[in-house]
Amino acid sequence: MWVIYIFLLIRFIPNVNAITDESYHLLPKVFELENYYECKSSHENYCKADILLKPIDENNTSITWKIIEKTIQDVAYYDHSIIHVGVCVKNLNSNSSEYILQKYSEKLSDYGLKPKSIQGTNCINPSPELSFFDITILIITLILVFIVAFATVSNWTLKQANNNKEILMFFSVTENWNRINAVERKYAFLEGMRTVTMIIIIQIHGLLTITAIYIENPDFFENLMEKFLVRIFIGVIWFIVQVNFLLSAMLLVLHFMGTLEKNSNIRLVDVFILALNRFIRLAPALLLKIGFHLSNIPQILADGVLKDYAEKEFYNCKKRWPLTLTFINNFVAAKDMCIAETWYLAVDTQLYMLSLLLCFVFVKSKISFHILVGSTGIFAIVFNLYFNYLHDYPGAVQISLKNVTMCQHLANEQIGSQYFSTHSNICSYMIGLMLGMICFQTRDKKIAILKKWWVVFLWYVLSFGLPIFSIVLTFYKYSRLTNALLGAIVKPLFALGFASMIFGMMKNEKLTIRKIFQWRPIVFLGNFTYSTYLYHFVPVLIKFVRFSTPIQVNSFILVSYFILDVISSYSVGIFMFFVVEFPASHLQKQFVPNVKKRTQPTKTYVLEEKQLCHSEL
């Protein structure tokens, strides 16, 4: 039913004027690489640069330049006024930028063009040797793997007869596999939603990675961007993480209110204990990842055209790794972050702390929960409106082909302000808090009207229509004030649609989409979301680290990459779950204090602890 709504929106999508094949052949290549490994074997220096173009005669421009002008403003195209090159430079004692400009001046003259300037010149350094720190990180990882292997083998013969053996069993894959299979989840579809969201995030990051490397046929992506559903999918990049904020906030309220029911009271020390346990639960897997980024291992593995990305990450982490470990790395510019993909953990942790305080204020005061949380959300909208207007930001970051490298993506100031920032995501989190409280307050109530066919139809329209409408709104250009307003409300609108979806699935077990999300394999994969999220960039990137010439892309390759990315990401995630995350979680429960039950409850409504253990994503 909601598909009908999608097609009703198609007529409002702006048309993209495609470049004809004949015109495309008149353009210089967007990407041009000399072979990295041939250059390296000749003991010469490999330098990358971006060359900005201009017409030779600005009063009498060539046909090529007129075509280029058409592509500059359209988000569906690469910026053809810039070419991205990799050149083997024989002598670095001379100016490498001048050498590259001289080399390409001749080539460009055939198109009626010449270099305007050169920027981003970066010569790739030789790979470093393994250091003592690198070897230490590898040894620690091998020790963890050995302990898990030993515990798993021992599990076949040892019984938990004493405390030492019980602790050893925390590392047993067999024992932990049985533990996660034994959990009964009242709302299993929430784990299914988490899995589907994670799969979409993997595919989105895979797509961004492919478009950000050197492509032999960039017209493939330019033609792809003309398709409506692809434009919607690209738009999802800006919004999909709001679903995770919703789920995290909702589970926080259910957990908090369940704890309140058990204890009849919540103390400030309980809030501190909840926050401490969250930090300790997230820290071990993150700390190991930080260790790898501080080592030379990524630079050694990525000894190719993309090696400079690994170098940049190394220097960022060397300066700012404490910010990542303490979940405040999103306070610096995106291009300077250590492990930029962990921005979500930082924002979610900060909003988790804020929400705990709001819940505590609600318990200790007479202020209505919905007024307290709602006013916080309204304040966030007003602040974002003012902030966006002040900086003249559009309604959303245009995810386009203009920023073709990872560094260019992260250098976009608007991404840091409207995507990675805490204030730009507060409202969605507040909607999640209110959803959690509504679900808690109506947990024993059946709403018969939600099962009527016309209500189900309207529910589908609202649940899918609001998110799609939010994405479509960002396709247009508006006045400064309208842009500022849209930048403040499009994320909450998207989140509101999914909040409606979640509430409907909670109250109507017969909904088809709920059955899809409750499919057992999808629910089971939800256990590994955190580790998969934390480490999924490794398999997504590793398939490109050794390429030396531009890659030819087609639909089959793209789909194959997507499938490979999902399988490999979850494989790495499951491995890290059993080696680091789950054993550390057991040790935390064994040795770190938690909120204890102090009184006999009159009514208990608590989600299973293991269902809540992955609420960070």
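Whenever you get a sec, line up Cys359, Cys123 from highest to lowest accessible area (probe 1.4 Å, protein heavy atoms).
Reading off the accessible areas and sorting them downward yields Cys123, Cys359.
Run the quick spin-label model on Ala149 and Asn125: label points 7 Å from Cα toward the beta carbon, then report their separation in nm to one decimal.
The answer from the label model is 3.4 nm.
Placing +1 on the Cβ of each Lys and Arg and -1 on the Cβ of each Asp and Glu in the chain, which of Ile234, Asn244, Pro550 has its Cα farthest towards the positive end of the resulting dipole?
Value: Asn244.
Taking a ≥ b ≥ c as the square roots of the Cα gyration tensor eigenvalues, with a/c under 1.5 meaning rounded and otherwise prolate when a/b beats b/c, else oblate, which class fits region 341-381?
Verdict is oblate for region 341-381.
Report the Cα centroid-to-centroid distance between region 414-482 and region 50-82 in angstrom, as an integer.
40
Scan the chain and note any complete DSSP helix (H) whose C-alpha atoms cover at least 15 Å along its axis and whose Kyte-Doolittle average is 0.5 or more.
132-154, 188-211, 228-239, 241-263, 268-294, 343-364, 369-391, 426-441, 453-473, 480-507, 555-576
Beyond 23 Å between alpha-carbons counts as too far, so tell me which of Lys262/Lys445; Lys48/Lys90; Lys66/Lys107; Lys515/Lys589 fall in that bin.
Lys515/Lys589
Quote the charge dipole size of the chain about the Cα centre in Debye, to the nearest 20; the model charges only the Cβ of Lys and Arg (+1) and of Asp and Glu (-1).
Using Cβ point charges on Lys, Arg, Asp and Glu, the chain gives about 2960 debye.
What accessible area per residue comes out for region 424-575, rounded to a whole number of Å², with a 1.4 Å probe?
Normalised by residue count, the accessible surface of region 424-575 is 44 Å².
Between Lys103 and Tyr37, what's the calculated FRET efficiency when r is the beta-carbon distance and R0 is 25 Å? Round to 0.05.
So the FRET efficiency works out to roughly 0.80.
Check which residues have an amide H placed less than 5 Å from Cys123's amide H, if you skip close sequence neighbours.
Lys48
Quick check: at a probe of 1.4 Å, how many percent of the accessible area of region 28-78 sits on carbon and sulfur atoms?
45
Out of the trypsin sites (Lys or Arg not before Pro) in region 470-540, which ones are loop residues according to DSSP with at most 13 other C-beta atoms within 10 Å?
Those satisfying the criteria are Lys477, Lys510.
What nm distance separates the two modelled labels at Tyr315 and Ile551, each placed 7 Å from Cα along Cα→Cβ?
2.5
If R0 is 60 Å, what FRET efficiency do you get for Thr141 and Asn91 from their C-beta distance, rounded to 0.05?
0.90
Go through region 42-120 and name the GluC sites (Glu not before Pro) that are in a DSSP coil and have 10 or fewer other Cβ atoms within 10 Å of their Cβ.
Here the GluC sites (Glu not before Pro) that fit, given the DSSP loop and packing criteria, are Glu58.
If a/c stays under 1.5 just call it rounded; otherwise compare a/b with b/c (prolate if a/b is bigger, oblate if not). Do that for region 24-155, with a ≥ b ≥ c from the square roots of the Cα gyration tensor eigenvalues.
prolate
Calculate the length of the line joining the C-alpha centroid of region 100-142 to that of region 284-340, in whole Å.
18
Answer rounded, prolate or oblate for the chain, using the Cα gyration tensor with square roots of eigenvalues a ≥ b ≥ c: rounded when a/c is under 1.5, else prolate when a/b is larger than b/c, else oblate.
Verdict is oblate for the chain.
Amide H neighbours of Lys114 under 5 Å, counting only residues 5+ apart in sequence or on other chains, H built in-plane at 1.01 Å?
Those qualifying (amide H under 5 Å, at least 5 residues apart or on another chain) are Lys54, Ile56.
In nm, what is the difference between 0.36 nm times the number of residues separating Ser117 and Ser365 and their Cα-Cα distance?
Result: 83.0 nm gained on full extension.
Using DSSP to call loops (not H, G, I, E or B), can you name the chymotrypsin sites (Phe, Trp or Tyr not before Pro) in region 452-546 whose Cβ has at most 12 other Cβ atoms within 10 angstrom?
Within region 452-546, no chymotrypsin sites (Phe, Trp or Tyr not before Pro) qualify (loop, at most 12 other Cβ atoms within 10 Å).
Give the residue from Val85, Ile67, Ile56 lying farthest towards the positive end of the charge dipole for region 43-92; charges sit on Cβ (+1 for Lys and Arg, -1 for Asp and Glu) and the dipole is referred to the Cα centre.
Farthest along the dipole direction, towards plus: Val85.
The values are calculated or read from the model by the stated rules, or taken from the named source; none is laboratory data. As the structure is a prediction and not an experimental result, all values here were calculated from the model. Don't worry about glycine lacking a Cβ; one is built from the backbone with ideal geometry, like all the others, and counts go over all protein chains shown. These accessible areas exclude ligands, DNA and RNA; they are computed on the full protein's heavy atoms, side chains included. Shrake-Rupley method; radii C 1.70, N 1.55, O 1.52, S 1.80 Å.
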